[in-house]
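Let me begin by presenting the structure, written as structure tokens, before commenting on it.
The values are calculated or read from the model by the stated rules, or taken from the named source; none is laboratory data. Note that the coordinates shown come from a computational prediction; the quantities given were computed from them, not determined experimentally. When we count neighbours, we look across all protein chains shown, and the Cβ atoms used for this are built from the backbone with ideal geometry, even at glycine.
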Amino acid sequence: MLNRRFLRVKALQSIYAYHQSESSNLPQAEKLLLAGVDDLYKLFVYQLSFWVEIRQFAERRIEENKQKHFPTEEDLNPNMKFVNNRILKALDDNKHLAQLVDQYKITWVDSREDFIRNMFAKLVETPEYQEYMSNGKDSFSDDKHFLATVIETYMPENGLLYDYYSDRDLSFNSDYQLAIYLLWKYISELPASFDEFSMLPPVYKNEEDDKAFVTKLFEKTILHADEYMELVKANISNWDYDRLALMDKILIFMALTEFCEFHSIPVKVTINEYIEISKFYSTPESRRFVNGMLDRLSMILKEEGKLVKTGLGLVDK
């Protein structure tokens, strides 16, 4: 579920928090890191549950409208396309999701008459919803396209949803955007065969390897920070090291850790990963600096024989 980029981001957030707190308890910080990874997955499950609750609310409202004393033709013969969305129905019926919702104690009971109603009203007003309900299509791909588009277009900037999650768990603050991307990616790649018996992906693709990767990246970056600082200072030009943002320093230090400690990860992969991550955590000017520094430092480490890559990670490959 969580690929290496997500794990790098969680390590980045944890290293930043470690420096901000001026803590020296590394084992405790590692436990918080792994707990943070689990929290990101929990928020992903929360997001799936949110869409299930939206579907259930729409279904309840349809039934309530049918019970009016003077129902309209639309009340009696409603457009059922949204509540029959194949993905939402499959998620609603999915036994593994229900188990995870129960495990994480996720409930919307206190939100149905205000928050969920408000969220559904906003969804109905979107042009994507109106087009979806009236386009005459009836296919899994149309259902998927609608959900993926709405998630990508409206959820990242939804302040009400962000505040709702933040009120329930402060750890969700830093993971909100990541969880939405996880949700969008998951929905976009969901096969038509997904049903009530399908299993949701686990937190880690390979738990043992991925936990070892993220904890080693976190630990080695912190332990070698002074060494990396001197290396950057010795090779910086046209920049004042002391004026660099802490986040930019950490991005560089993490890449240096991968250069020196992870012998099977190609240099180009490491550089590309941290350039991509910097797009979300640095300014455009900082990104150019990070890119230039990583290129320069990788060449210096190679010349000094400190950059040893093996197998698929050969430097010149």
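Looking only at the range 113-151, residues that are part of a loop (DSSP other than H, G, I, E, B) and surrounded by 14 or more Cβ atoms within 10 Å (Cβ to Cβ) come to 1 in all. Is it the case, given these coordinates, that Ala255 is small (Gly, Ala, Ser) and surrounded by fewer than 17 Cβ atoms within 10 Å (Cβ to Cβ)? Spelling it out, it is not the case that Ala255 is small (Gly, Ala, Ser) and surrounded by fewer than 17 Cβ atoms within 10 Å (Cβ to Cβ). Evaluate the following for Lys31: is it closer than 20 Å to Phe194 by Cβ, among the basic types (Lys, Arg) and surrounded by fewer than 17 Cβ atoms within 10 Å (Cβ to Cβ)? Against the criterion (closer than 20 Å to Phe194 by Cβ, among the basic types (Lys, Arg) and surrounded by fewer than 17 Cβ atoms within 10 Å (Cβ to Cβ)), Lys31 does not qualify.
Return yes or no: is Lys89 within 30 Å of Met247 (Cβ to Cβ), within 26 Å of the chain's Cα centre (by Cα) and among the basic types (Lys, Arg)? When the stated conditions are applied, Lys89 does not pass them. Selection of first residues in the range 29-41 that are of a type in the set (D, E, K, R) and of second residues that are assigned to a helix (DSSP H, G or I), restricted to Cβ pairs under 9 Å at least 6 apart or on distinct chains, gives the following pairs, ordered by first then second residue: Glu30/Ser14; Glu30/Thr215; Glu30/Phe218; Glu30/Glu219; Asp39/Ser171; Asp39/Phe172.
Is there a residue in the range 175-182 that is more than 17 Å from the chain's Cα centre (by Cα) and not in a helix (DSSP H, G or I)? No, the range 175-182 contains no residue that is more than 17 Å from the chain's Cα centre (by Cα) and not in a helix (DSSP H, G or I).
Yes/no matrix, rows are residues, columns are (1) under 30 Å from Asn25 (Cα atoms); (2) at pLDDT below 90:
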{"residue": "Glu230", "(1), (2)": "yes, no"}
{"residue": "Asn238", "(1), (2)": "no, yes"}
{"residue": "Leu246", "(1), (2)": "yes, no"}
{"residue": "Ile252", "(1), (2)": "yes, no"}
{"residue": "Lys268", "(1), (2)": "no, no"}
{"residue": "Ile271", "(1), (2)": "yes, no"}
{"residue": "Ser278", "(1), (2)": "yes, no"}
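Of the residues making up the range 258-289, just one is among the hydroxyl-bearing types (Ser, Thr, Tyr), buried (at least 16 other Cβ atoms within 10 Å of the Cβ) and in a loop (DSSP other than H, G, I, E, B), namely Ser282.
Taking the range 50-103 and the helices (runs of 4 or more DSSP H) fully enclosed by it, the elements with 3 or more residues that are within 22 Å of Phe197 (Cβ to Cβ) and in the same structural domain as Asp39 (by TED's automatic domain parsing) are at 86-93, 95-103.
Being in the same structural domain as Glu59 (by TED's automatic domain parsing) and without any contact (Cβ under 8 Å) to a residue 12 or more places away in the chain holds for only one residue in Asp142, Asp175, and it is Asp142.
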